[in-house]
Each structure stands twice: as C-alpha cells, then as structure tokens.
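J.: Sharing a structure here in structure tokens format.
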Amino acid sequence: MIRLVPRSETSMGWQIATPVLAVLATMVMGGLLFAIMGYDPVAAIRTIFWDPLFGPAAGYSRPQLLVKAAPLILIASGLAIGFRAGIWNIGAEGQYIIGGITGAAVALAAYPADGMWIFPAMVLAGALGGWAWGMIPALLRNWFGASEILVSLMLVYVAEKIAAWMAFGPMRNPEGFGMPGSRNLTQYPPAANPELIAGTGAHWGVVAAALAVLATWFLISRHIRGFHIRTAGLAPRAARFAGVKPETLVAFCLGLSGALAGMAGLFEASGPAGQITDSFGSGYGFTAIIVAFLGRLHPLGILLAGLLLALTYIGGELAQLTLQLPAATVQVFQGMLLFFLLGFDLLTRFRVERTVTA
C-alpha cells in the first residue's frame, strides 16, 4: 500500500525540482495529446518552445517575448505577495481590464492636447482603477467575511461587461465609422507606449515589470511588511500575536495586486493592444496565477516563469500558423502546466511511503 506521509519540514530540493518536472511533464503529455490529434508531436513541441527563439521567424517573435512577459510578470508580482499571506486574488483579470479603461479614459479626455503629463497621469489612473477594483473584495471580506476568491473572480465578468459598454458607448471612437472601440492610443503620441529600444519589444510596461520584481524582492525580504506577510501565511495566529492586523493586510495585498494589474492593463491599452475594445481582456490575469505558482512566489522565479509562459503564447500562435493547431493549444498547455505543478507540489510537503499490510 502506498500512502503520503507529511514531511517534518518542507523539502527545499523538491521546491526547486517541481517546476522543472512540471514543465517536462507538460511537454511529454502535450506531445502525446498532439499525437492523438494526428499532429507530429516533435514538430509541435519544437514550434512552441524552440522556433520562437531560434526558428526562421525568431527576428519577429523574440521581441514579442518581452511584450507578452511584461504584463504576466507585473501582475504575478502583486499576486505573489497576497498568496504568501494566504490572501487569494483570483480576479486580477478584472483589475487589469478596469486599469486599462481608467488609464485610457485620461488620454481620451485629454485628446487632442499635448503634454508630458498625459502618460504619467494615465499610469496613475490605471493603477488607481486596478486598486479600486481590488479593494472591493478586500472591503467585503473585512466587513462581511465574504470570500475574496469568489468576489474577485465574479468581478472579472463585471469588468468585461464594463469594457464592452465602454467600447460600444462612452469610449467609442467618434471617427471610427460606428465600429466599436476607442481611439487608437498608439496614434496619439502623448498617450502612446512605444518601443523604447528598437527591435527589443521593450516598452514602459517592461520597465515597470522589472521594477516590480525588484520592489517585490525588497518588500518580502527586507521590509517589516514583508515579515508580516510571511508570518500571516505560515502562522496566522502567531501573526496576530506579533501585532499583525488581518484587515490591514487584506486591504494592502488586494489593493497592491490590483494596482499592479491595473498598470499592466494601461500599458497594454496604450501599447500592444492600442485601444479599449469589447474583447480587451486577454487572459493575462489568469495566466499570471500560473506564473506566480510556477515561480514559487519568488521574484526571480516569477521573472523566469513569466518568460516561459510568454514563450507558450508566442509558440502557440506560431503553431496555429504553421501546423494549423487549434487556437486552444496555449490554454491546454497552461492548464496542463498548472495541473502538474500542483500535483508535483505535493512532494514538497509529503513523502511517498510504501507500507506492507499483514
């Protein structure tokens, strides 16, 4: 008989190994799935993981790596802080959408004015919009004991409806011949988020993501608030004895993660996406949850995991074009990755023991 026995302490070796094993298992099972569907599994895996970096189209896809990774890293950095404290923000996608809307609203209100203040004001508005959307589940949990998981998740669908209303109503481009969607912000220089270094894909969102990684490391490792966050996650009762106020921590973690998600939405709306549409939500907020856990809630791990998940986005698009793989390929891969990560994660807290029954 085989059973799982709790470890006396978490295995550091398994903590490092499980993300690698999860990625390898995803590749193997993904290849098996492609074979069952009638595709060449080796060609599919190579197209997804190799060709974006070294294939014929690498000159285009390599810069896209930073474009796709930036919002994932920015959002995951905020989520990881809450997850460490046992505060589960599952609705970063909604905060991403609202941040994009509020940031774009500043630009559209200022159009056609010129001034260096416009883009910083957009970034601030995006952060405030995401923060406000994140504070809704925080306040409902603090005041009424509502689950932040359910509330934040349900608010994603509310945010999507608001985006659709904005695209068809208040934000619709008056010069867009009746088509839904706002003005293209990339064509409004004071509000645009252009490539900072030609050929790299790096825009202000990439800069913000890098700063978020550094700030997250400092907060968790060097700041008293980081001590409160770690203690609350590991031993909630001990945290209360240490003077940590749960309500304050809930508001801080959900507000901060919402603000970073809102900033990610603004950088996307003013750069790669260019406008607010009824389909502005891109799924980055949900994928960032996988990034946070794949990175072991550590800033460096999140950086690497964000790049890996960005690679699956780009590789999935290439596979659709060259191999005619279904559009859901990326979602299947990401779902498999999370499944195997959670499965292998058991080995960090439990060991497999075989017992002989009489």
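The values are calculated or read from the model by the stated rules, or taken from the named source; none is laboratory data. The structure displayed is predicted, hence computed values, not measured ones. Positions of Cβ are generated from backbone atoms using ideal geometry, with glycine treated the same way; all protein chains shown enter the neighbour counts. With ligands, DNA and RNA removed, areas are computed over all heavy atoms of the protein, side chains included. Shrake-Rupley method; radii C 1.70, N 1.55, O 1.52, S 1.80 Å.
J.: Of these, Ala113, Ala121, Ala125, Ala104, which one is in a helix (DSSP H, G or I) and either modelled with pLDDT under 95 or crowded, with 24+ Cβ neighbours inside 10 Å (or both)? Can you show your working first?
T.: On the way: Ala113 fails: in a helix (DSSP H, G or I); Ala121 fails: either modelled with pLDDT under 95 or crowded, with 24+ Cβ neighbours inside 10 Å (or both); Ala125 fails: either modelled with pLDDT under 95 or crowded, with 24+ Cβ neighbours inside 10 Å (or both).
Only one candidate passes the filter, namely Ala104.
J.: Determine which member of the set Gly181, Gly176, Gly199 is open to solvent by 30 Å² or more (accessible area, probe 1.4 Å), farther than 16 Å from Gly78 by Cβ and not hydroxyl-bearing (Ser, Thr, Tyr).
T.: Gly199
For every residue, the table says whether it meets (1) open to solvent by 60 Å² or more (accessible area, probe 1.4 Å); (2) touching a Leu at 6+ places or on another chain (Cβ under 7 Å).
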site: Leu4; (1), (2): yes, yes
site: Ser8; (1), (2): yes, no
site: Trp14; (1), (2): yes, yes
site: Ala17; (1), (2): no, no
site: Val20; (1), (2): yes, no
site: Gly31; (1), (2): no, no
site: Asp40; (1), (2): yes, no
site: Ala43; (1), (2): no, yes
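J.: Looking at the range 98-122, which of its residues are closer than 25 Å to Asp278 by Cβ and of a type outside the set (A, V, I, L, M)?
T.: Listed by number, the residues that qualify are Gly99, Gly100, Thr102, Gly103, Tyr111, Pro112, Phe119.
J.: Given the criteria open to solvent by less than 20 Å² (accessible area, probe 1.4 Å) and either in contact with a Gly (Cβ under 8 Å, 6 or more places away or on another chain) or not polar (S, T, N, Q) (or both), does Ile289 qualify?
T.: So Ile289 fails the test.
J.: Search the range 194-209 for residues being assigned to a helix (DSSP H, G or I) and in contact (Cβ under 8 Å) with a residue 24 or more places away in the chain, and hand back the single one that is farthest from the chain's Cα centre (by Cα).
T.: As a first pass, look at the range 194-209 and keep what is assigned to a helix (DSSP H, G or I): 204-209.
Filter again for in contact (Cβ under 8 Å) with a residue 24 or more places away in the chain, leaving 204-206, 208-209.
On the way: Trp204: 17, Gly205: 13, Val206: 13, Ala208: 14, Ala209: 11 Å.
Only one residue fits best here, namely Trp204.
J.: Can I ask one more? Of the conditions (1) farther than 30 Å from Ala107 by Cβ; (2) at pLDDT 90 or above, Arg240 clears all except one; give me its number.
T.: Among (1) farther than 30 Å from Ala107 by Cβ; (2) at pLDDT 90 or above, the lone unmet condition for Arg240 is (2).
J.: Polar (S, T, N, Q), closer than 30 Å to Ile229 by Cβ, modelled with pLDDT of 90 or more and outside any helix (DSSP H, G or I) - does that describe any residue in the range 76-89? Explain how you work it out, then say what you get.
T.: First pass over the range 76-89, keeping only residues polar (S, T, N, Q): 77, 89.
Pick out the ones that are also closer than 30 Å to Ile229 by Cβ and you get 77, 89.
From the residues that got through so far, the ones that are modelled with pLDDT of 90 or more too are 77, 89.
Applying the additional criterion that residues be outside any helix (DSSP H, G or I) yields 89.
Yes, some residue in the range 76-89 is polar (S, T, N, Q), closer than 30 Å to Ile229 by Cβ, modelled with pLDDT of 90 or more and outside any helix (DSSP H, G or I).
Conditions (1) of a type outside the set (A, V, I, L, M); (2) open to solvent by less than 20 Å² (accessible area, probe 1.4 Å), marked per residue:
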site: Trp131; (1), (2): yes, no
site: Leu139; (1), (2): no, no
site: Trp143; (1), (2): yes, no
site: Ala146; (1), (2): no, no
site: Ser152; (1), (2): yes, yes
site: Tyr157; (1), (2): yes, no
site: Ile162; (1), (2): no, no
site: Gly169; (1), (2): yes, no
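J.: Please state which one of Ile90, Ile101, Ile118 is under 11 Å from the mean Cα position of the chain (by Cα) and not charged (D, E, K, R). Talk me through it step by step, then tell me what you get.
T.: Details: Ile101 fails: under 11 Å from the mean Cα position of the chain (by Cα); Ile118 fails: under 11 Å from the mean Cα position of the chain (by Cα).
None of the other options fit; the residue is Ile90.
J.: List every residue pair whose Cβ atoms sit under 8 Å apart, with the two residues 6 or more apart in sequence or on different chains, where the first one lies in the range 298-326 and is of a type in the set (D, E, K, R) and the second, anywhere, is open to solvent by 10 Å² or more (accessible area, probe 1.4 Å) and at pLDDT 95 or above.
T.: none
J.: Moving to a separate point now. Give me a count of the residues in the range 325-358 that are farther than 27 Å from Glu9 by Cβ, open to solvent by 40 Å² or more (accessible area, probe 1.4 Å) and not in a helix (DSSP H, G or I).
T.: 5
J.: Follow-up question, since we're still on this one. Restricting the search to the range 232-263, which residues are surrounded by 21 or more Cβ atoms within 10 Å (Cβ to Cβ) and free of Cβ contacts under 8 Å to residues at least 40 places away in the same chain?
T.: Correct list: Ala239 only.
J.: Turning to a different aspect of this structure: If you take the residues of the range 300-324 that are farther than 26 Å from Ile220 by Cα, hydrophobic (A, V, I, L, M, F, W, C) and surrounded by fewer than 18 Cβ atoms within 10 Å (Cβ to Cβ), which of them is farthest from the chain's Cα centre (by Cα)? Don't jump to the end; show me each part of the working.
T.: Residues of the range 300-324 that are farther than 26 Å from Ile220 by Cα, as a first pass: 311-324.
Of the ones still in play, those that are also hydrophobic (A, V, I, L, M, F, W, C) are 311, 314, 318-319, 321, 323.
If we keep only those that are surrounded by fewer than 18 Cβ atoms within 10 Å (Cβ to Cβ) too, we end up with 321, 323.
Details: Leu321: 25, Leu323: 27 Å.
Once the filter is applied, the top-ranked residue is Leu323.
J.: Going through Leu297, Leu266 one at a time, which residue ends up being open to solvent by less than 10 Å² (accessible area, probe 1.4 Å) and either within 26 Å of Leu32 (Cβ to Cβ) or not polar (S, T, N, Q) (or both)?
T.: Going through Leu297, Leu266 in turn, the sole match is Leu266.
J.: Every residue in the range 262-283 that is closer than 29 Å to Trp50 by Cβ and modelled with pLDDT under 95, please. Steps first, please.
T.: Our first condition is that a residue be closer than 29 Å to Trp50 by Cβ; within the range 262-283, this holds for 264, 267-268, 271-273, 282-283.
Passing the criteria: Gly271, Pro272, Ala273, Ser282, Gly283.
J.: Working only within the range 202-214, note down all residues that are among the hydrophobic types (A, V, I, L, M, F, W, C) and open to solvent by less than 60 Å² (accessible area, probe 1.4 Å). It would help to see each step written out before you state the result.
T.: The first filter runs over the range 202-214 and keeps only residues among the hydrophobic types (A, V, I, L, M, F, W, C), leaving 202, 204, 206-214.
Those that are among the hydrophobic types (A, V, I, L, M, F, W, C) and open to solvent by less than 60 Å² (accessible area, probe 1.4 Å): Ala202, Val206, Val207, Ala208, Ala209, Ala210, Ala212, Val213.
J.: Any idea how many residues of the range 269-291 are farther than 11 Å from Leu72 by Cα and outside any loop (DSSP other than H, G, I, E, B)?
T.: Going through the range 269-291 one residue at a time, the tally reaches 1.
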